[in-house]
Amino acid sequence: MDWALLAAVGVAAVVGGYLGARLMNRRLNAGHVKKLIAVLLLLLAGKLLTAPLLSPSPEIPQRTDSCPTTTPRPSIPGPAFRWAVGLNPGHLQGL
């Protein structure tokens, strides 16, 4: 961890918070602060809603090998399936 960078960012955050609080208490009333926060939240919501529309869709890489991704299913049900549904070998004549 870069401790010098952490200290510099921490000091900047404290100074910025102090100056911002003084500015907001001295120059702005409560109505202006509420409107400022509302506008910022609306801008953020607009960005979140339009970001998927404006960003390009990721390309899905295609497989180049001829290897199947899944194993083929057997055409005749196995013995566990036949037992579970109550089929006897005579019922499998038509399959």
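The values are calculated or read from the model by the stated rules, or taken from the named source; none is laboratory data. Treat the numbers as computed from the prediction; the structure is a model and nothing was measured. Positions of Cβ are backbone-derived with ideal geometry, glycine not excepted, and every protein chain shown enters the neighbour counts.
Structure data summary
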read-out: Segments classed as helices (runs of 4 or more DSSP H), wholly inside the chain, with at least 2 members that are of a type in the set (V, I, T) and at pLDDT 80 or above; value: 3-27, 30-54
read-out: Residues (surrounded by 10 or more Cβ atoms within 10 Å (Cβ to Cβ) and either among the polar types (S, T, N, Q) or at positive phi (or both)) located in the stretch 5-53; value: N25, T50
